[in-house]
Amino acid sequence: MNPGISEVILAEPRGFCAGVDRAIEIVERAIAKFGAPIYVRHEIVHNTYVVNELKAKGAIFIEELSDVPPGATLVFSAHGVSKAVEQEARDRGFSIFDATCPLVTKVHVEVAKLAKEGYEFIMIGHKGHPEVEGTMGQLSSGIHLVEDVEDVARVAPGQTDKLAVVTQTTLSVDDAADIAAAVRARFPKVREPKQQDICYATQNRQDAVKIMSPQVDLVIVVGSPTSSNSNRLRELAQRLGTESYMVDSAAELEPGWFEGKARVGITAGASAPEVLVREVIDRVRAFGAVSVRKMDGIEETIKFPLPKGLKLDDIPPPGHIS
Ligand code: 0CG
Ligand code: SF4
């Protein structure tokens, strides 16, 4: 019990985005329609709880397509895949459902379109992240990754007349702007996306943390360690001068964090389910919080359609890609 905590403030918006809702629904519908097991390439979204729930329902998560048996149904994760992975999955004859977020696909489409026009790309993103591998893997060459401003000084495109910037969708909005400015300074003719590639959900959750942080003494972010957008929320609160921790579940909360903290802010990454937020609130109440207040914030109404073939009367043939 910590008598110091007077109030919990909930960030708005927080938690699931439209791309995550859709990706989870694709796996659930595939299981309901075709029966378990359904294979999923990579964690469908970067959340331990979501992955464990889907495993319990009959999903099998794999990284290598060689681990998927012939004739199986395979779902690509929300983060997207490279052309090589897509081709290998087709060659192996799987029934494929693509849960790539439409906002990631939009970046893939832009890369393919500009590449045909002779462009090379500077991609702003985190090395090794599956979305970066998927976007860079839309082309066999000509995409150069920069992770920070220092990388911009080192990057060596083959030409600079036709150069375009693309970004990972889940970056720090402020860091990406700084890196893009450095790219612009070094390559003044560079083409930038009309609308930033950083998605609405990443932007809105970071904006909410910017409003919330100065009002609280501690920020708790619900999210898994692998989740880029969740990590960015914790990092942002910390940069704004508010002590901040990211937890995968309420069990990870440490009582010591709350000592001397009157107001506690809670948010959740785009892949973190609300049930975990509720459990965190309950535990913070048990530590002594008196009231829970929801911040005012943007209401997100965006929803993405499901791929064809997942309605109950619509069974696709083997080897299709939807
Ligand atoms: O934030 P990243 O890209 O790591 O993904 P996560 O699965 O956490 O969230 C949304 C998606 C895709
Ligand atoms: Fe799509 Fe953004 Fe959600 Fe990723 S975080 S799944 S890009 S809406």
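Values in this text are rule-based calculations from the coordinates and carry no lab data. Since the model is a prediction, treat every value here as computed from it, not as a measurement. Every residue, glycine as well, gets a Cβ built from its backbone with ideal geometry; the counts of neighbours run over all protein chains shown.
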Could you tell me whether region 193-205 includes any residue that is closer than 16 Å to residue 17 by Cβ and of a type in the set (D, E, K, R)? yes
From the list 190, 152, 165, pick out the single residue that is crowded, with 18+ Cβ neighbours inside 10 Å, more than 16 Å from ligand 1 (Cβ to nearest atom) and without any contact (Cβ under 8 Å) to a residue 40 or more places away in the chain. 152
Kindly provide the set of residues from region 231-249 that are hydrophobic (A, V, I, L, M, F, W, C) and either under 13 Å from residue 48 (Cβ atoms) or assigned to a loop (DSSP other than H, G, I, E, B) (or both), ordered by number. 240, 246, 247
Among the numbered conditions (1) touching a strand residue (DSSP E or B) at 6+ places or on another chain (Cβ under 6 Å); (2) of a type in the set (Gly, Ala, Ser); (3) within 15 Å of ligand 1 (Cβ to nearest atom), tell me where residue 322 comes up short. (3)
Can you give me the ranges of the strands (runs of 3 or more DSSP E) entirely in region 1-90 with at least 3 residues that are in contact with a Phe, Trp or Tyr (Cβ under 6 Å, 6 or more places away or on another chain) and more than 16 Å from ligand 1 (Cβ to nearest atom)? none
Any idea which of (1) in a helix (DSSP H, G or I); (2) among the basic types (Lys, Arg); (3) under 30 Å from residue 4 (Cα atoms) is the one residue 261 doesn't satisfy? (1)
Pick from region 168-187 the residues that are aliphatic (A, V, I, L, M) and within 16 Å of ligand 2 (Cβ to nearest atom): which of them is surrounded by the most Cβ atoms within 10 Å (Cβ to Cβ)? 171
Going residue by residue through region 4-13, is there one that turns out to be under 25 Å from residue 201 (Cβ atoms), within 14 Å of ligand 2 (Cβ to nearest atom) and buried (at least 23 other Cβ atoms within 10 Å of the Cβ)? no
